[in-house]
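Working notes, beginning with the structure itself.
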Amino acid sequence: MSSQASWVPSNVDLDRASPARIYDYLLGGGWNFAADRAVAQQAIAAMPWVRDLARYNRQFLSRAVNFCATAGVRQFLDLGSGMPTAKSVHEIAREVDPSCRVVYVEREPVAVAHSELILSTIEGTGIIEADMCDIDLVLGHPVTRRLFDLDEPVAVIMASSLHYVLDAEVAEATVAGYLDEVVPDSYLVLSHIADNEGVGSSEVRGLVELSKATTSAGVARSREWIGGLLADLEVAEPGLVYTSQWRPDNHLRLVTDLPVHASLLAAVARRP
Ligand SMILES: C[S@@+](CC[C@H](N)C(=O)[O-])C[C@H]1O[C@@H](n2cnc3c(N)ncnc32)[C@H](O)[C@@H]1O
C-alpha cells in the first residue's frame with residue numbers, strides 16, 4: 001500500500017488507478033498517484049495522442065461553456081467534473097458574466113476532496129459527491145437548491161463522462177432525465193468517445209481495454225448512438241463533430257487532420 005497523504009480521503013485505494021486522476025496526470029496536474037501515472041503511461045503507449053485528446057476535450061468544454069453563457073445561460077451543472085486541474089467551468093462562464101453559478105458533480109473521492117478545497121472560498125459554486133445518474137439526488141441536493149433556480153435555464157454538461165456509464169439504457173435515461181427536468185433554452189454539452197471511425201479505432205479499443213483495470217471502466221459508442229441522445233434537441237452548428245472541429249479557434253483549424261480528432265465526438269444542443 002502506498003503511503004497516504006493527509007488530504008487523501010481514507011476510503012481511497014491509492015494502488016488502484018482512477019480515470020479522474022489519470023486524466024489529471026495527462027493534463028499536467030499534480031493530483032494523481034503512482035498507480036494512476038503507470039496506467040497513464042500505458043494509455044500513452046496505447047494511444048500516443050491521448051494527451052492531445054484530453055487537451056482538445058478541455059478546449060471544447062471551454063468553447064462550449066462560453067457559447068452557452070453567451071446564449072444567456074447562467075447556471076452550469078458539470079456532471080463528472082473531474083479534478084479542477086485545467087481552467088474550471090466557473091472561470092470560463094464568469095468571463096462572460098461573473099454572476100454565473102456552477103454545481104460540480106463527481107464520484108471520485110480525491111477529485112471531490114480537491115474540488116471542495118478549491119471551491120470552498122468561491123461564492124456561487126459547489127461540489128456534490130454523487131453518481132451523476134442519480135438525477136433526484138443531484139437536483140434535490142442542498143447545494144443545487146442553494147445555487148440554482150430550476151425555473152431558469154441550465155447548461156447540463158457531460159464532458160467525457162457519460163462513456164463511464166456502461167449500461168446504455170441508464171446512460172440514455174440519464175441524459176433524457178436531466179433534459180426533462182430543465183426548462184426550455186437549457187443546453188446539453190456532450191463529448192463521448194466514439195467507436196465507429198476507421199482512424200484511431202484500434203487505439204480507442206486499447207484505451208477501453210486499459211480502463212477495465214481502473215476504478216471505472218469506459219465504453220466507446222457509435223456515432224449513431226451518440227447522435228440519438230440529441231434527437232429531441234436543437235443541435236447547434238456544426239452538429240455532432242470531433243471535439244477539435246466544434247467551432248475551432250485559429251490554432252485548431254490548422255491541425256484538424258490528425259488522428260486525435262477521430263476519437264471524441266462532441267455537440268452542444270438546446271432544449272426547445
Ligand atoms: C475523463 S474525466 C472528464 C472530466 C471533465 N468532465 C472534463 O471533460 O475535463 C471523467 C470524469 O467523470 C467522472 N465520472 C464518471 N462516471 C461518473 C458518474 N457516474 N458520476 C459522477 N462522476 C462520474 C470520473 O470520476 C471522472 O472524473
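Nothing in this text is a laboratory measurement; each read-out follows from the coordinates by a stated rule. For clarity, every value in this text was computed on a predicted model and none was experimentally measured. Note that we place each Cβ from the backbone using ideal geometry, even for glycine, and neighbour counts take in every protein chain shown.
Over all pairs of distinct alpha carbons, what does the Kirkwood formula give as the hydrodynamic radius of the stretch 41-182, in Å? Don't skip to the answer; put the middle values down first.
On the way: mean 1/r = 0.0639 Å⁻¹.
Every distinct Cα pair counted, the radius reaches 15.6 Å.
Out of the stretch 97-157, which GluC sites (Glu not before Pro) are coil in DSSP terms and have no more than 16 other C-beta atoms within 10 Å?
On the way: sites: 106, 116, 123, 129; in loops: 123.
Answer in residue order: 123.
Å³ per residue of the Cα convex hull, for the stretch 4-61?
Convex hull volume per residue, Cα atoms: 83 Å³.
Out of the stretch 1-103, which trypsin sites (Lys or Arg not before Pro) are coil in DSSP terms and have no more than 16 other C-beta atoms within 10 Å?
Working: sites: 16, 21, 37, 51, 55, 58, 63, 74, 87, 94, 101; in loops: 16, 74, 87.
When the trypsin sites (Lys or Arg not before Pro) of the stretch 1-103 are filtered for loop state and at most 16 Cβ neighbours within 10 Å, 16, 87 remain.
Show the residues, 5+ positions off or on another chain, whose built amide H is closer than 5 Å to the amide H of residue 155.
75, 76, 77, 187
How long are the semi-axes of the equivalent ellipsoid of the stretch 178-245, defined as square roots of 5 times the Cα gyration tensor eigenvalues? Whole Å, largest first.
Values: eigenvalues 140, 50, 17 Å².
Taking √(5λ) for each eigenvalue gives 26, 16, 9 Å, largest first.
Can you give me the span-like helices of the chain, meaning DSSP H runs with 24 Å or more of Cα extent along the axis and Kyte-Doolittle mean at or above -0.5? Please report the intermediate quantities before stating the final value.
Numbers: long enough: 50-70 (30 Å, -0.25).
Correct list, ordered by number: 50-70.
Expressed as a whole number of Å, what is the distance separating the alpha-carbon centroids of the stretch 35-74 and the stretch 81-156?
18 Å
For the stretch 126-136, just list the computed ³J(HN,Hα) in residue order, Karplus coefficients 6.51, -1.76 and 1.60, θ = phi - 60°, integers in Hz, with x standing in for Gly and Pro.
x, 10, 10, 8, 6, 7, 5, 6, 8, 4, 4
Looking at the stretch 156-251, which trypsin sites (Lys or Arg not before Pro) are DSSP coil and have at most 10 other C-beta atoms within 10 Å of their C-beta?
Details: sites: 205, 212, 221, 223; in loops: 212.
For trypsin sites (Lys or Arg not before Pro) across the stretch 156-251 that sit outside H, G, I, E and B with at most 10 neighbouring Cβ atoms in 10 Å, the list reads 212.
Using only the Cα atoms, what convex hull volume per residue in Å³ does the chain have?
118 Å³
Please report the net charge: other residues with Cβ closer than 10 Å to the Cβ of residue 73, K and R +1, D and E -1. Walk me through the numbers before you get to the answer.
Working: positive: 74, 270; negative: 97, 152, 185.
Spelling it out: positives minus negatives among the neighbours equals -1.
Count the net charge of all other residues whose Cβ sits under 15 Å from the Cβ of residue 234, scoring Lys and Arg as +1 and Asp and Glu as -1. Before the final figure, lay out the partial values.
On the way: positive: 270, 271; negative: 185, 232, 237.
Its environment carries a net charge of -1.
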